[in-house]
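Single-structure report; data block below.
The values are calculated or read from the model by the stated rules, or taken from the named source; none is laboratory data. The model shown is predicted, which means the values in this text are computed figures rather than measured ones. Cβ placement follows ideal geometry from the backbone for every residue including glycine, while neighbour counts extend to all protein chains displayed.
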Amino acid sequence: MRRTLFAVALGALTSAPVLAMDLAVTGSWTLPITAADLVAGAGSALRTSLDGGPGDVRVDVDLTGGDDDRWRLEIRRSDASWDPDLRIWVRRTGDGTGTGAIAGGDTWVEVGPTNSVFFEGSGDRQDVPLQLRLGGLSLGATPAAYLTALQYTLVDTP
Amino acid sequence: MRNLFGVLLASFVVTGSAFAADTGSHTVTVTVSAINEVAISGGNVALAIDSGDTSGPAAASDATTADLLWSTNESNKKITVATNLAAIDFPLTVEATNVTGGTSGGPVTLSTTAQDLVTGISLTAGTADLSYAASATAAAGTGSNVHTVTYTITAE
């Protein structure tokens, strides 16, 4: 009886809900394309790539289990009304703050329709700045508002 | 019995180590405006008619000074040309030659009415040489006509 009660109690403790680490993404990127983006005025094409600000988007990773609690951040694109020739890249422009560690993602990563690894870390990190780049632009992109969403997934890793 | 207890304990511990995930997102909006740009490079053109005879009009031409440049992200555009000079003593024609990104409409005798110079322009950048030709008859006498020639990119 004592062993049975101990096993039940132990099971109740270890099967309690795990506190999940938390991801917060702030910011957005709105990019107007006008005649000012022609390479050299009339007679020239549009610039093929345009960069956003170095911290247009910021990421916080909180509620980890400590500095040794490892995680990775994945990213993908979900198009709403998008020109198929347009491409998006993202990169980390700083480490943010916090006692945890962070690595990778400081060179341009193209964002596609399926999850790909962006960067990794351990412990809490706040205010990690991200920069976006638009590519594939041409005079073939007719006047319109093109919209997509970048979706980030924080994965707790062993 | 001890083994059974050990199995139960191991199963509960394994169940408690789930890999959690959280998500976040933001939007990217690219707003493309209509782009219709036309420009002249090379500067002003000067034609001097200073020789000839009574058998016919004398003429002068220039095909090397000025170029026409354009960029558009819309379809079915054309470039028209017009002069500001209503009273013309010495007829002036212009033709777009060596055209890329469009089709030349051939020589146009300038008037204050806009006329098609380059047609069939869509979603492209283009260039053309501008070939000017002026003529004068003896009856027209001497003098000068100063034109301000305007090129406009517009819908076909």
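For region B:67-87, enumerate the residues that are more than 8 Å from every other protein chain (Cβ to nearest Cβ), of a type in the set (G, A, S) and surrounded by fewer than 19 Cβ atoms within 10 Å (Cβ to Cβ).
B:A86, B:A87
Considering only region B:72-129, give the strands (runs of 3 or more DSSP E) lying wholly within it that have at least 3 residues that are farther than 16 Å from B:V38 by Cα and touching a helix residue (DSSP H, G or I) at 6+ places or on another chain (Cβ under 9 Å). Break it down into steps so the answer makes sense when it comes.
Details: elements: B:77-83, B:92-100, B:115-121.
Because the criterion is at least 3 residues that are farther than 16 Å from B:V38 by Cα and touching a helix residue (DSSP H, G or I) at 6+ places or on another chain (Cβ under 9 Å), no strands (runs of 3 or more DSSP E) in region B:72-129 meet it.
Just one of (1) more than 21 Å from B:G43 (Cα to Cα); (2) under 13 Å from the mean Cα position of the chain (by Cα); (3) polar (S, T, N, Q) trips up B:T142, so point out which.
Every listed condition holds for B:T142 apart from (2).
Any idea which of A:G135, A:G65, A:G98 is farther than 30 Å from A:D156 by Cα and over 17 Å from the mean Cα position of the chain (by Cα)? Before the answer, list the steps.
Details: A:G65 fails: farther than 30 Å from A:D156 by Cα; A:G98 fails: farther than 30 Å from A:D156 by Cα.
Selected residue: A:G135, the only one of A:G135, A:G65, A:G98 that is farther than 30 Å from A:D156 by Cα and over 17 Å from the mean Cα position of the chain (by Cα).
Any idea which residue in region B:124-156 is nearest to the other protein chains (Cβ to nearest Cβ), counting only those that are of a type in the set (A, V, I, L, M) and crowded, with 18+ Cβ neighbours inside 10 Å? First the steps, then the outcome.
The first filter runs over region B:124-156 and keeps only residues of a type in the set (A, V, I, L, M), leaving B:125, B:128, B:130, B:133-134, B:136, B:138-140, B:146, B:149, B:153, B:155.
Adding the requirement that they be crowded, with 18+ Cβ neighbours inside 10 Å leaves B:125, B:128, B:130, B:134, B:136, B:149, B:153.
Values: B:A125: 5, B:A128: 10, B:L130: 13, B:A134: 26, B:A136: 33, B:V149: 16, B:I153: 9 Å.
Looking at the filtered set, the residue picked out is B:A125.
Residues of region A:106-133 being in a loop (DSSP other than H, G, I, E, B) and over 20 Å from A:T64 (Cα atoms), which ones? Before the answer, list the steps.
Restricting attention to region A:106-133, the residues satisfying the condition of being in a loop (DSSP other than H, G, I, E, B) are A:106-108, A:112-115, A:123-124.
If the condition is that a residue be in a loop (DSSP other than H, G, I, E, B) and over 20 Å from A:T64 (Cα atoms), then A:D106, A:T107, A:W108, A:G112, A:P113, A:T114, A:N115 are the ones that fit.
Taking the residues in region B:15-43 that are modelled with pLDDT under 95 and more than 7 Å from every other protein chain (Cβ to nearest Cβ) as candidates, determine which candidate is nearest to B:T64 (Cα to Cα).
B:G43
Looking at (1) at the interface with chain B (Cβ under 8 Å from one of its Cβ atoms); (2) under 30 Å from A:A40 (Cα atoms), which is the one condition that is false for A:R133?
(1)
Does B:V32 count as in contact with a Pro (Cβ under 8 Å, 6 or more places away or on another chain), closer than 21 Å to A:R47 by Cβ, among the hydrophobic types (A, V, I, L, M, F, W, C) and crowded, with 19+ Cβ neighbours inside 10 Å? I'd like the intermediate steps shown before the answer.
On the way: in contact with a Pro (Cβ under 8 Å, 6 or more places away or on another chain): yes; closer than 21 Å to A:R47 by Cβ: yes; among the hydrophobic types (A, V, I, L, M, F, W, C): yes; crowded, with 19+ Cβ neighbours inside 10 Å: yes.
So B:V32 passes the test.
Conditions tested, residue by residue: (1) under 30 Å from B:G101 (Cα atoms); (2) surrounded by fewer than 17 Cβ atoms within 10 Å (Cβ to Cβ); (3) touching a His at 6+ places or on another chain (Cβ under 7 Å).
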{"residue": "A:V57", "(1), (2), (3)": "no, no, yes"}
{"residue": "A:G94", "(1), (2), (3)": "no, yes, no"}
{"residue": "A:V111", "(1), (2), (3)": "no, no, no"}
{"residue": "A:F119", "(1), (2), (3)": "no, no, no"}
{"residue": "A:P129", "(1), (2), (3)": "no, no, no"}
{"residue": "A:S138", "(1), (2), (3)": "yes, yes, no"}
{"residue": "A:Y146", "(1), (2), (3)": "yes, no, no"}
{"residue": "A:Y152", "(1), (2), (3)": "no, no, no"}
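Taking the stated definitions as given, is A:L63 touching a residue at least 24 places away in the same chain (Cβ under 8 Å), exposed (fewer than 15 other Cβ atoms within 10 Å of the Cβ) and either of a type in the set (A, V, I, L, M, F, W, C) or over 17 Å from B:V30 (Cβ atoms) (or both)?
Details: touching a residue at least 24 places away in the same chain (Cβ under 8 Å): yes; exposed (fewer than 15 other Cβ atoms within 10 Å of the Cβ): yes; either of a type in the set (A, V, I, L, M, F, W, C) or over 17 Å from B:V30 (Cβ atoms) (or both): yes.
Yes.
Do we find a residue being among the acidic types (D, E) and within 30 Å of B:I79 (Cβ to Cβ) anywhere in region A:72-83?
Residues of region A:72-83 among the acidic types (D, E): A:74, A:79, A:83.
So of that shortlist, the ones also within 30 Å of B:I79 (Cβ to Cβ) come out as A:83.
Taking every residue of region A:72-83 in turn, at least one turns out to be among the acidic types (D, E) and within 30 Å of B:I79 (Cβ to Cβ).
If B:F12 passes every condition in (1) under 30 Å from B:F90 (Cα atoms); (2) surrounded by 11 or more Cβ atoms within 10 Å (Cβ to Cβ); (3) at pLDDT below 65 but one, which one does it miss?
Condition not satisfied by B:F12: (1).
Here is a check on your reading of the model: is A:D83 surrounded by 17 or more Cβ atoms within 10 Å (Cβ to Cβ), part of a loop (DSSP other than H, G, I, E, B) and not aliphatic (A, V, I, L, M)? Please lay out each step first, then the result.
Working: surrounded by 17 or more Cβ atoms within 10 Å (Cβ to Cβ): yes; part of a loop (DSSP other than H, G, I, E, B): yes; not aliphatic (A, V, I, L, M): yes.
Yes.
Just to be sure before I move on: is B:S104 within 12 Å of B:S131 (Cβ to Cβ), of a type in the set (S, T, Y) and under 15 Å from the mean Cα position of the chain (by Cα) in the structure I sent?
Working: within 12 Å of B:S131 (Cβ to Cβ): yes; of a type in the set (S, T, Y): yes; under 15 Å from the mean Cα position of the chain (by Cα): yes.
When the stated conditions are applied, B:S104 passes them.
Does A:D22 meet the test of being out of contact with any Phe, Trp or Tyr (no Cβ under 6 Å at 6 or more places or on another chain), charged (D, E, K, R), more than 10 Å from chain B (Cβ to nearest Cβ) and closer than 21 Å to A:G94 by Cβ?
Working: out of contact with any Phe, Trp or Tyr (no Cβ under 6 Å at 6 or more places or on another chain): yes; charged (D, E, K, R): yes; more than 10 Å from chain B (Cβ to nearest Cβ): no; closer than 21 Å to A:G94 by Cβ: yes.
In short, no.
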